[in-house]
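**Q** Here it is, the structure, as structure tokens.
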Amino acid sequence: MDISRRKFFKVTAAAGGVAACAVAKPALAREAKEPDPNEYGMLNDSARCIGCKACQVACKKENKLPTESSLEDSLYDSPRNTSEHTYTLIKLFKDDKRGVSSFVKRQCMHCVDPACQSACIVGALKKQPDGSVKYDAQMCMGCRYCMVACPFNIPQFEWKKAIPVITKCTLCSESRLAKNKPTACSEACPAGAIVFGRRGDLLKIARSRIEASPELYVDHIYGEKEVGGTNVFYLSKKEVAFASLGLPDFDYRPVSGLTESIQHRIFQYFIPPIAVYTVLGGIMYYNQRRKNQAAQAQGGEEHE
Amino acid sequence: MSRPAAPLRQKFFTFNVAVLLFFIGAGVVFAYFRFFHGFASITNLSPGFPWGIWISFDVACGVALAAGGFTTAAIVEIFGQGRYHPLLRPATLTAFIGYFLVALAVCFDLGKYYNIWHALVFWNGTSVLFEVAWCVMMYLTVLAIENLPAVVEQYKGNVQLPGSLGLLDRPTNWFLGRADQVLRRTMAFFVIAGVVLSFGHQSSLGTLMLIAPYKLHELWYTPLSPLLFLTSAVSVGIPMVIFEATLATKFFGRKPETELLSGIAEYIPSFLGTYLLLRIGDLAYRGVLAKAFDGSLQGYSFLVELSLFAMPYFLLKRPRIRANGTFLFLCACSVILAVVLNRFNVFLIGVNPGNGYNYFPSVGEIAITLAFVAFGVLLYKIGVNYLPILEEQAPDHEPA
Ligand code: SF4
Ligand code: SF4
């Protein structure tokens, strides 16, 4: 019985077409990822940022990105949003009524459990041991599911190119971290608003900043837990909520939790697809036999 | 009573074909810009809306509306309702055309379309899209096989290759004969595989957007989404068959098959009922029904979607309505529109990526989508004209 069952399994799996889904099994059974304190990351301190955009310029130089102008004379690099040419951007938040304002740096958060990695159809986005989430343009097929998945709308697409790829902040992984250099933006910051370092150390620095001036900061390190944790953290001024800086109140669970558990349940050990196949096969067999018997009883005039 | 299927063999180049060719031509022009000057030249896609109507209509609706193939196959072949056999071949053909167009549309939407085969080699099991891609690919293969008997039947025993290739007539004939036998013996296997594969990707399409809990509106963001996608796809299967059959009747000057269609329509209310029960139960359980009445665009869109699902449910329960060809057609249209609107809601209308992004399809996107639809209709016409798809009818009002 065992042999025939296994044979059935093989045939159904191979030709019935659920074989591919086998890989879903081990990948989905994983536990929630624990943040690694030794990975690299950055701390962006909105309270210290003076809005000089030196980091933005440094990023463009490092990654050889063209300028983008939203002004008529197109002399200055003045992007309004992160884009395929702008991996990081300083944005101004202003509340005239309360007379408060704050700058915030937008960039890839290099999530601990990245939604983009979970979503990518071919695995072109991958968390690296150094902490960065790396993108492989060679593998990518441009489906843009990563853009749908990223809760921070970070991955960008080269809309103007005939053969477009995804672009986003690399944490300078290959160009600088590999050479023991900090990220270009953190090096350029004159105000100490971008600290580069290991995740564990960054958390300590952030906490000590809050403790040293509790009247200045919101008592929360954004990114410590949000969406399962990120490697890029934020501090904000007391009177400016993170949400108004484009850092919404996200849950502490990774956004890919639901899709992964659904996929996992459906394809666990092939059981559901095979069960459906078997049941349908049984019904079909039963109905055909009944039809044949009826036909024989009638004198076999049916041709099937 | 039951007659064999036969090619229609009508005049091919009619006015309608010219109209179809016009739409296809317009699409080709825009496609040129898409492929050589980038998405920005003709689409309204943006970082906040990386997926537009090519995904929500061409792919998501395309797959759902091709559900006539597997539902009819299941009813006729698996559940043994042989009397609906005449509907099977056209349904299988349209399903194949539908999926073929879905695959083509995906190629238009992919940035690096020539990397499409990467899904075969680089596996990422956590990706819902990966599973969708595999199931769609395999189901397209299965559909091709399911359509083979019609091709084999047409050419078996009368292959006449031109010129010196004529030498190959006999081997080809022999081969087709063998193929016929093999297909007859193995078809059951493919029919069931087709249904299982359909279950797989119809539901997974509903899982796709669940990766974006902060972007998709609560009315559609539910863990039940895969099941809702599956049940709504099953519900739209027969309505699509009715829709196509009715139009084919009109445009090919055939006798209406109302009796057959109203027979099979009897199943629709139970499918729709299941769907509605799950849908409303889910909304009530999650306590978000009130959102439908908050006066937002999403709320209204949901209400329209729900009524389009609910009306045919109540109407089609009545035998009198089912027996009337026009009502039947209208009810079928309602279900189809409901499913189309539902897919739009999940992939576009219910999506708010934040940052003030919004989206409305551009002329170019719409033109390319229309071109796909026109191409599909044209392929169907070619199919039924030259292959034995539709059942032969007594030639009383149309001398052959
Ligand atoms: S912020 Fe977005 S792109 Fe960056 S790692 Fe997280 S999910 Fe990926
Ligand atoms: S666009 Fe590229 S990187 Fe993004 S999900 Fe698709 S294949 Fe992966």
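**Q** Taking B:I55 as the residue in question, decide whether it is within 14 Å of another protein chain (Cβ to nearest Cβ), closer than 21 Å to A:A149 by Cβ and of a type in the set (A, V, I, L, M, F, W, C).
**A** Yes.
**Q** Take the conditions in a loop (DSSP other than H, G, I, E, B) and either more than 14 Å from every other protein chain (Cβ to nearest Cβ) or within 16 Å of ligand 2 (Cβ to nearest atom) (or both) and apply them to A:I210. Does it pass?
**A** No: the conditions fail for A:I210.
**Q** Would you mention how many residues in segment B:39-48 are surrounded by fewer than 23 Cβ atoms within 10 Å (Cβ to Cβ) and over 13 Å from B:I366 (Cα atoms)?
**A** The qualifying residues number 5.
**Q** Can you name the residue in segment B:121-146 that is of a type outside the set (A, V, I, L, M) and in a helix (DSSP H, G or I) and, of all such residues, is surrounded by the fewest Cβ atoms within 10 Å (Cβ to Cβ)?
**A** Result: B:T141.
**Q** Please list, ordered by residue number, the helices (runs of 4 or more DSSP H) wholly in segment B:1-87 having 3 or more residues that are farther than 18 Å from B:A105 by Cβ.
**A** B:15-37, B:68-73
**Q** If you go through segment A:63-70 one residue at a time, do you hit one that is buried (at least 20 other Cβ atoms within 10 Å of the Cβ), more than 8 Å from every other protein chain (Cβ to nearest Cβ), within 16 Å of ligand 1 (Cβ to nearest atom) and under 24 Å from A:S173 (Cβ atoms)?
**A** Checking segment A:63-70: not a single residue is buried (at least 20 other Cβ atoms within 10 Å of the Cβ), more than 8 Å from every other protein chain (Cβ to nearest Cβ), within 16 Å of ligand 1 (Cβ to nearest atom) and under 24 Å from A:S173 (Cβ atoms).
**Q** Now for a different question. Could you list all residues from segment A:119-134 that are more than 6 Å from ligand 2 (Cβ to nearest atom) and touching a Ser or Thr at 6+ places or on another chain (Cβ under 9 Å)?
**A** A:G123, A:Q128, A:D130, A:G131, A:S132, A:V133, A:K134
**Q** Shifting gears a bit: Can you work out which of the residues in segment A:128-141 that are aliphatic (A, V, I, L, M) and more than 8 Å from every other protein chain (Cβ to nearest Cβ) is nearest to B:P50 (Cα to Cα)?
**A** Out of the qualifying residues, it is A:A137.
**Q** Next question. When you look at A:G200, is it in contact (Cβ under 8 Å) with a residue 12 or more places away in the chain, away from ligand 2 (no atom under 16 Å from the Cβ) and either closer than 30 Å to B:Y221 by Cα or assigned to a loop (DSSP other than H, G, I, E, B) (or both), yes or no?
**A** Considered against the rule, which asks whether it is in contact (Cβ under 8 Å) with a residue 12 or more places away in the chain, away from ligand 2 (no atom under 16 Å from the Cβ) and either closer than 30 Å to B:Y221 by Cα or assigned to a loop (DSSP other than H, G, I, E, B) (or both), A:G200 comes out as no.
**Q** Which of the residues spanning segment A:103-127 are more than 20 Å from A:S186 (Cα to Cα), assigned to a loop (DSSP other than H, G, I, E, B), of a type outside the set (V, I, T) and more than 9 Å from chain B (Cβ to nearest Cβ)?
**A** A:D113, A:P114
**Q** I'd like to know if segment B:91-103 contains one or more residues that are more than 10 Å from every other protein chain (Cβ to nearest Cβ), at pLDDT 90 or above, in contact with a helix residue (DSSP H, G or I) (Cβ under 7 Å, 6 or more places away or on another chain) and under 30 Å from A:S83 (Cα atoms).
**A** Looking through segment B:91-103, at least one residue is more than 10 Å from every other protein chain (Cβ to nearest Cβ), at pLDDT 90 or above, in contact with a helix residue (DSSP H, G or I) (Cβ under 7 Å, 6 or more places away or on another chain) and under 30 Å from A:S83 (Cα atoms).
**Q** Could you tell me whether any residue of segment B:147-162 is surrounded by 15 or more Cβ atoms within 10 Å (Cβ to Cβ), within 30 Å of B:V59 (Cβ to Cβ) and in contact with a Ser or Thr (Cβ under 9 Å, 6 or more places away or on another chain)?
**A** yes
**Q** Any idea how many residues of segment A:143-173 are surrounded by fewer than 23 Cβ atoms within 10 Å (Cβ to Cβ) and within 8 Å of ligand 2 (Cβ to nearest atom)?
**A** The qualifying residues number 1.
**Q** A further question follows. Report, ordered by the first and then the second residue, all pairs with beta carbons closer than 8 Å, sequence separation of six or more or different chains, a first member in segment A:219-238 that is within 14 Å of chain B (Cβ to nearest Cβ), and a second member that is within 16 Å of ligand 1 (Cβ to nearest atom) and of a type in the set (F, W, Y).
**A** Note: pairs meeting the criteria are A:E226/A:F250; A:E226/A:Y252; A:V227/A:F250; A:V227/A:Y252; A:G228/A:Y252.
**Q** Right, next: Working only within segment A:141-181, note down all residues that are assigned to a loop (DSSP other than H, G, I, E, B), of a type outside the set (D, E, K, R) and within 10 Å of ligand 1 (Cβ to nearest atom).
**A** Matches in segment A:141-181: A:C150, A:P151, A:F152, A:N153, A:I154, A:P155, A:C169, A:L171.
**Q** Look at A:A191 and say whether it is in contact with a Lys or Arg (Cβ under 6 Å, 6 or more places away or on another chain) and away from every other protein chain (no Cβ under 14 Å).
**A** yes
**Q** Do you know which of the residues in segment B:25-38 that are in contact (Cβ under 8 Å) with a residue 40 or more places away in the chain and either crowded, with 19+ Cβ neighbours inside 10 Å or at positive phi (or both) is nearest to the other protein chains (Cβ to nearest Cβ)?
**A** B:R34
**Q** Follow-up question, since we're still on this one. Checking the condition part of a helix (DSSP H, G or I) and without any contact (Cβ under 8 Å) to a residue 12 or more places away in the chain, which residue from B:G281, B:G295 passes?
**A** It is B:G281.
**Q** A:Y87 fails exactly one of the following numbered conditions: (1) over 25 Å from A:R253 (Cβ atoms); (2) away from ligand 1 (no atom under 14 Å from the Cβ). What is the number of that condition?
**A** Going through the list (1) over 25 Å from A:R253 (Cβ atoms); (2) away from ligand 1 (no atom under 14 Å from the Cβ), A:Y87 breaks only (2).
**Q** Return a yes/no flag: does segment A:86-106 have any residue that is more than 10 Å from ligand 2 (Cβ to nearest atom), of a type in the set (D, E) and at pLDDT below 90.
**A** yes
**Q** Return the pair list, or none, for Cβ contacts closer than 8 Å from residues in segment A:142-154 that are closer than 20 Å to A:G228 by Cα and within 7 Å of another protein chain (Cβ to nearest Cβ) to residues that are small (G, A, S) and surrounded by fewer than 24 Cβ atoms within 10 Å (Cβ to Cβ), at least 6 apart or on different chains.
**A** Final answer for the pair search is A:V148/B:A212; A:A149/B:A212; A:P151/B:A212; A:N153/B:G48; A:N153/B:G354.
**Q** Okay, moving on. Of the conditions (1) more than 24 Å from the chain's Cα centre (by Cα); (2) small (G, A, S); (3) modelled with pLDDT of 90 or more, B:G166 fails just one. Which one is it?
**A** B:G166 satisfies every listed condition except (3).
The values are calculated or read from the model by the stated rules, or taken from the named source; none is laboratory data. This one's a predicted model, so the numbers in the text were calculated from it and none came from an experiment. We place every Cβ from the backbone using ideal geometry, glycine too, and count neighbours over all the protein chains shown.
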